[in-house]
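Enquirer: Starting off with a structure, shown below.
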Amino acid sequence: MVPHLVTALTGPINELEQRVLDSMPAIERWFRLEWMEHTPPFYSAVDIRNAGFKLAPVDTNLFPGGWNNLTKEMLPLAVQAAQAAIEKICPEARNLLVIPENNAKNSTFYLANVAQMVRIFHMAGLNVRVGSIDPAIKSPKKIELPHGDTVTLEPVVRTKRRLGLKNFDPCTILLNNALSAGTPGILEDLHEQYLLPPLHAGWSVRRKSNHLHSYEELSKRFGKLLGIDPWLINPIYARADGVDLAEGRGLDVLTSHVDAVLTKVRRKYKEYGINEKPFVVVKGQSGAEGPRVLTVRDAKEVEGLAGKVRAAAARPAGAREPGEIIVQEGVLTNERVHNGVAEPVVYMMDRYVVGGFYRVHADSAPDENLKLPGASFVPLAFSESAHLPQPGAKPGASAPNRFYMYGVVGRLAMVAASYEMEATDPDAEVYE
């Protein structure tokens, strides 16, 4: 179910990991039953933090933009998953239109991701072209990339009910645009084509608290299945409303939420005998804020956050409005790659884990956000060992396929995303 990969942590298998490996048949059955009832996101990427005593997702992306970080060896898995996903949605599919982010032409790194997606879907048996909804793209623009790839951005053509390119009519449109600036009208009312992911997966609608709520409920059920405390796979969180850090408003509300979450985490650390200093991360409800994800170790630090945000030129990117802040338990990372602090990122398509990589930052601490300028990406390699982890083996005795555990947590976040999408679907059928 999950590729066998070489991971940065090679120490003995801990108790949580052993429980997951021993429960493999029950876990796989649980996922199969979930996918009988729910539709997985078309593709997703989950950032995971492994503190040793705790393993949890800290961010779920429904418009993953790092496909170029997957190695060539992972491509067959991605192609197979793409074939399965397309077959399920539109078996007669012939043409696929990929819609990238609007500022795509300015980033060769991002375009390398687009080129990799084109490659994957072409190998899955589709004619693939890239159509930009960026008003600046008025004619086809061919862009040469550093490693010999090229991407041609073409202006989209909208008719009354369909979207395509000149002389190219797709049955399926793949969005790789997170819609942080809102939903453009050109993508609305496309009733004759499949739009993947749907518009309500974009940041103009999506809210992190909805996802965290879905994940929390699932972690309780999953914890019961494994016989573990759900906290071991779920970060505590709170939602603070009426807060505007840029203007310094609502700091008392934020302080009380930070204090409450830190108190709960301290209680858990005491229960498990963990001698680490708890921390929380403060982030916006929507968008991929990157540098504006702030680490807070004490409620007294909240006053100083307003100045930090003002200095960083105001509001998180993609936030529709002030007043929506998430306070989330911070999860330490035990992983190191080339002496830099690292966190695994799991890539999935349809219901399948297709690979992953490490996000590494040499200048960050284990309790800090790694989505910062200067981060690098290290592909995970497939394990050369033919030995799979043996259920029941003593910790450290079998090959520690840690990526299985990461794949379980990644898929759990993916199930949460499917619940979240169902709850926010504007076209959902309501049964009284």
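The values are calculated or read from the model by the stated rules, or taken from the named source; none is laboratory data. Everything quoted here is computed from the prediction, not taken from an experiment. Using ideal geometry, Cβ is built from the backbone for each residue, glycine included, and neighbour counts are taken over all protein chains shown. With ligands, DNA and RNA removed, areas are computed over all heavy atoms of the protein, side chains included. Shrake-Rupley method; radii C 1.70, N 1.55, O 1.52, S 1.80 Å.
Enquirer: Can you return the aspartates and glutamates within cross-link range of Lys277? Criterion is Cα-Cα under 15 Å, with same-chain partners fewer than 8 residues away left out.
Expert: Asp259, Asp298, Glu301, Glu329, Asp367, Glu368
Enquirer: For Gly250, enumerate residues with amide H under 5 Å from its amide H, sequence gap 5+ or separate chain, H modeled in the peptide plane.
Expert: Distant-sequence amide H within range of Gly250: Asp244.
Enquirer: Starting at the first residue of region 41-58, write each ³J(HN,Hα) from the Karplus equation 6.51 cos²θ - 1.76 cosθ + 1.60 with θ = phi - 60°, in whole Hz, x for Gly and Pro.
Expert: x, 4, 8, 7, 9, 10, 7, 10, 10, 10, 8, x, 7, 8, 9, 8, x, 10
Enquirer: If you don't mind, there's one more thing I want to ask. Given the Cα-Cα distance of Leu225 and Glu92 and 0.36 nm per residue of separation, how much length would full extension add, in nm?
Expert: Gain in length upon complete extension: 44.0 nm.
Enquirer: Report the label-to-label distance for Tyr272 and Ala423 in nanometres (one decimal), using points 7 Å from each Cα along the Cα→Cβ vector.
Expert: About 2.4 nm, to one decimal.
Enquirer: In Å and from the alpha-carbon atoms only, list the Rg and Dmax of region 216-294.
Expert: Rg and Dmax of region 216-294, Cα atoms, are 14.9, 46 Å.
Enquirer: Multiply the residue gap between Glu216 and Ala26 by 0.36 nm, knock off their C-alpha separation, and tell me the result in nm, one decimal place.
Expert: 66.4 nm
Enquirer: List every residue whose amide H lies under 5 Å from the amide H of Asn50, counting only residues 5 or more places away in sequence or on a different chain, with H placed 1.01 Å from N in the peptide plane.
Expert: Those lying under 5 Å, H to H, from Asn50 are Asn334, Glu335.
Enquirer: How big is the accessible area of His191 in square angstrom, nearest 10, if you roll a 1.4 angstrom probe over the protein chains?
Expert: Near enough 130 Å² of accessible area.
Enquirer: Under 1.5 on a/c is rounded, so check that first for region 161-312, then, if it is not, pick prolate when a/b is larger than b/c and oblate when it is not; a ≥ b ≥ c are the square roots of the alpha carbon gyration tensor eigenvalues.
Expert: It comes out oblate by the Cα gyration axes.
Enquirer: Could you give each residue of region 119-133 its phi-based ³J(HN,Hα) in whole Hz, using Karplus coefficients 6.51, -1.76, 1.60 with θ = phi - 60°, and x for Gly or Pro?
Expert: 4, 4, 6, 5, 5, 7, x, 10, 7, 10, 9, 10, x, 9, 9
Enquirer: Give me a comma-separated list of calculated 3J(HN,Hα) values for region 213-218, in order, Karplus coefficients 6.51, -1.76, 1.60 applied at θ = phi - 60°, integers in Hz, x for any Gly or Pro.
Expert: 5, 4, 5, 4, 4, 5
Enquirer: I would also like to ask the following. On full extension of the chain, what length is gained from Arg161 through Thr39, given 0.36 nm per residue of separation minus the C-alpha to C-alpha distance?
Expert: Fully extending the segment from Arg161 to Thr39 adds 41.4 nm.
Enquirer: Another one. Would you calculate, for the chain, the mean residue ellipticity at 222 nm contributed by helices, counting each DSSP H stretch of 4 or more residues as -39,500 (n - 2.57) and dividing by all residues, to the nearest 500?
Expert: -9500 deg cm²/dmol
Enquirer: What ranking do 65-75, 354-364 get when scored by the average of other Cβ atoms within 10 Å per residue, highest first?
Expert: Ranked from most to least packed, the peptides come out as 354-364, 65-75.
Enquirer: Highest GNM mean-square fluctuation, the chain, Cα pairs closer than 10 Å: which of Pro57, Pro140, Pro170?
Expert: Taking springs between Cα atoms under 10 Å, the residue moving most is Pro140.
Enquirer: One-quarter of the Cα convex hull surface for the chain, in nm²?
Expert: Mean orientational projected area (the chain, Cα hull): 21.9 nm².
Enquirer: Separate question: Among the lysines, which have Cα under 17 Å from the Cα of Lys270 when same-chain residues fewer than 8 positions away are ignored?
Expert: Lys54
Enquirer: Among Glu216, Glu154, Glu15, determine the one that fluctuates most according to a GNM of the chain built with springs between C-alpha atoms less than 10 Å apart.
Expert: Glu15
Enquirer: Still on this structure, please answer the following. Can you give me the solvent accessible area of Lys268 with a 1.4 Å probe, rounded to the nearest 10 Å²?
Expert: Its accessible surface works out to 50 Å², give or take rounding.
Enquirer: Taking springs between alpha-carbon atoms closer than 10 angstrom, which of Arg162, Arg411, Arg29 fluctuates most in the Gaussian network model of the chain?
Expert: Arg29
Enquirer: Still on this structure, I have one more. Determine the alpha carbon to alpha carbon distance for each of Lys72/Lys268; Lys72/Lys142; Lys142/Lys283 and list only those over 30 Å.
Expert: Result: Lys72/Lys268; Lys142/Lys283 exceed 30 Å.
Enquirer: While we're here: Skip the ligands, DNA and RNA, and give the accessible area per residue of the chain with a 1.4 Å probe, whole Å².
Expert: For the chain, the solvent-accessible area averages 45 Å² per residue.
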